[in-house]
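Okay, so here's the structure we're looking at.
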Amino acid sequence: MKNNFFPKGFIHLEDLFDSNDVARKPKMEPLRVDIEEVNIGTEDKPKLIKISKALPLEEKVKYINLFKEFQDVFSWSYEDLKSYNTSIIQHKIPLEEDHKPFKQKLRRINPILMPSIEKQVKRMFDVQIIAPH
């Protein structure tokens with residue numbers, strides 16, 4: 001009988017897929033890396049970033065300086081996420097020139113869920129009206 005030796009790191013396909021060729025959920029494990037938190041803000045308004053302790057010192061300094069220089073690009077609180085600058089962010093639906101957009105048919109919704117959906121939609125419209133542009 002032949003020895004079916006697999007080098008380290010290889011995984012048998014039988015372990016990844018079931019008999020119907022449906023992928024099984026892989027085992028996700030966090031990386032075993034030590035991380036340190038660095039505050040690039042002030043003590044009053046901390047802006048914490050996480051950097052690997054394994055980085056060489058000069059690389060850490062470069063990353064920290066880069067984050068400090070571009071800290072206005074990141075959202076540091078939920079208040080930062082609620083408003084957006086339309087000069088930076090703009091949603092566009094790409095359409096081909098010879099095609100016209102069309103309205104899709106309405107989808108049926110479970111009547112039991114209808115009140116909670118209406119409540120959520122109303123909340124979304126209230127936020128859009130109040131949010132500054």
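The values are calculated or read from the model by the stated rules, or taken from the named source; none is laboratory data. Keep in mind it's a predicted model, so treat the numbers as computed, not measured. Please note: Cβ atoms are built from the backbone with ideal geometry, for glycine as well, and neighbour counts cover all protein chains shown. Ligands, DNA and RNA are excluded from the accessible area calculation, which covers all protein heavy atoms including side chains. Shrake-Rupley method; radii C 1.70, N 1.55, O 1.52, S 1.80 Å.
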Residues with amide H under 5 Å of G41's amide H, sequence separation 5 or more or different chain, H placed in the peptide plane at 1.01 Å from N; which? K47
HN-Hα J couplings of segment 111-124 from phi, Karplus 6.51/-1.76/1.60, θ = phi - 60°, integer Hz, Gly and Pro as x? x, 5, 7, 4, x, 5, 5, 4, 4, 5, 4, 4, 4, 5
How much accessible area does M114 have with a 1.4 Å probe, in Å² rounded to the nearest 10? 70 Å²
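Work out, step by step, the length gained on full extension between E59 and D18: first 0.36 nm times the residue separation, then minus their alpha carbon distance; give nm to one decimal. Numbers along the way, then the final one.
Working: separation 41, 0.36 × 41 = 14.76 nm, distance 4.42 nm.
Full extension from E59 to D18 adds 10.3 nm.
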Give me the one-decimal nm value for the distance between modelled label points at K68 and R108, 7 Å along each residue's Cα-to-Cβ direction. 6.2 nm
